[in-house]
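Enquirer: Below is one structure. I have some questions about it.
Throughout, read-outs are computed from the coordinates displayed, never taken from laboratory work. Computed from a prediction, not measured in an experiment: that's the story for all the values here. Glycine also receives a Cβ, built like all others from the backbone with ideal geometry; neighbour counts cover every protein chain displayed.
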Amino acid sequence: MMKSVIAVALVASASAFVPAQNARVPTKLNFEYGDYDDKLWDQDSKKDVYNKWDPSSPRSAKNFNPFETFKGNSPDASGIFPGEGRYKDPIRGDVGYASMLAEKADLEEREANPKAGSEPGCAGCKN
């Protein structure tokens with residue numbers, strides 16, 4: 001009798017070390033990254049995203065203003081800002097003084113001629 005009690009106790013305690021049948025399975029999150037994710041995120045790619053941007057549509061990874069800033073930061077290639085989940089440091093191009101002057105001229109033109117409906121608080125803006 002004692003032998004059978006010991007055998008049952010050993011079998012019961014050994015099952016504590018066997019993995020559970022319904023072990024945790026990783027889930028797949030359905031997050032769509034931007035068109036330039038893991039690609040060069042330079043002025044030309046930002047202009048391309050800006051030209052596709054529709055301020056009246058909800059903001060998404062494929063519909064955002066790449067020149068918009070939030071708390072002093074620029075978004076990555078999917079419209080995610082530093083400090084937010086899924087932010088990926090973009091692949092940046094080389095920057096020289098001449099390219100900075102060209103970017104400044106582009107910025108001044110965008111500020112002088114903003115897209116219709118792109119005022120702060122629109123559906124396609126973070127701010």
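Enquirer: Give the lysines whose C-alpha is closer than 22 Å to that of Lys39, dropping any in the same chain fewer than 8 places away, or say none.
Expert: Lys47, Lys52, Lys62, Lys88
Enquirer: Which of rounded, prolate or oblate describes region 58-127 when judged by the alpha-carbon gyration tensor and an a/c cut-off of 1.5? Intermediate results must be reported in sequence, preceding the final value.
Expert: Numbers: a/c = 2.27, a/b = 1.12, b/c = 2.03.
Taking the square roots of the gyration eigenvalues as a ≥ b ≥ c, region 58-127 is oblate.
Enquirer: Sticking with this one: Evaluate the distance, in nm, between pseudo-label points positioned 7 Å from the Cα of Ile6 and of Asp38 along their respective Cα→Cβ axes.
Expert: Those two pseudo-labels are separated by 5.9 nm.
Enquirer: Something else: Amide H neighbours of Gly34 under 5 Å, at least 5 residues apart or on other chains, H built in the peptide plane: list them.
Expert: Here Ser78 satisfy the definition.
Enquirer: Once you put a point 7 Å from the Cα of Phe31 and another 7 Å from the Cα of Lys62, both along the Cβ direction, what distance in nm separates them?
Expert: 1.8 nm
Enquirer: Report the gain in length on full extension from Leu101 to Asn113: 0.36 nm times residue separation, minus Cα-Cα distance, nm rounded to one decimal.
Expert: Working: separation 12, 0.36 × 12 = 4.32 nm, distance 1.84 nm.
Fully extending the segment from Leu101 to Asn113 adds 2.5 nm.
Enquirer: Turning to a different aspect of this structure: If each residue of separation counts as 0.36 nm, what is the full-extension length gain between Phe70 and Asp89 once their alpha-carbon separation is subtracted?
Expert: Values: separation 19, 0.36 × 19 = 6.84 nm, distance 1.56 nm.
Residue separation times 0.36 nm, minus the Cα-Cα distance, leaves 5.3 nm.
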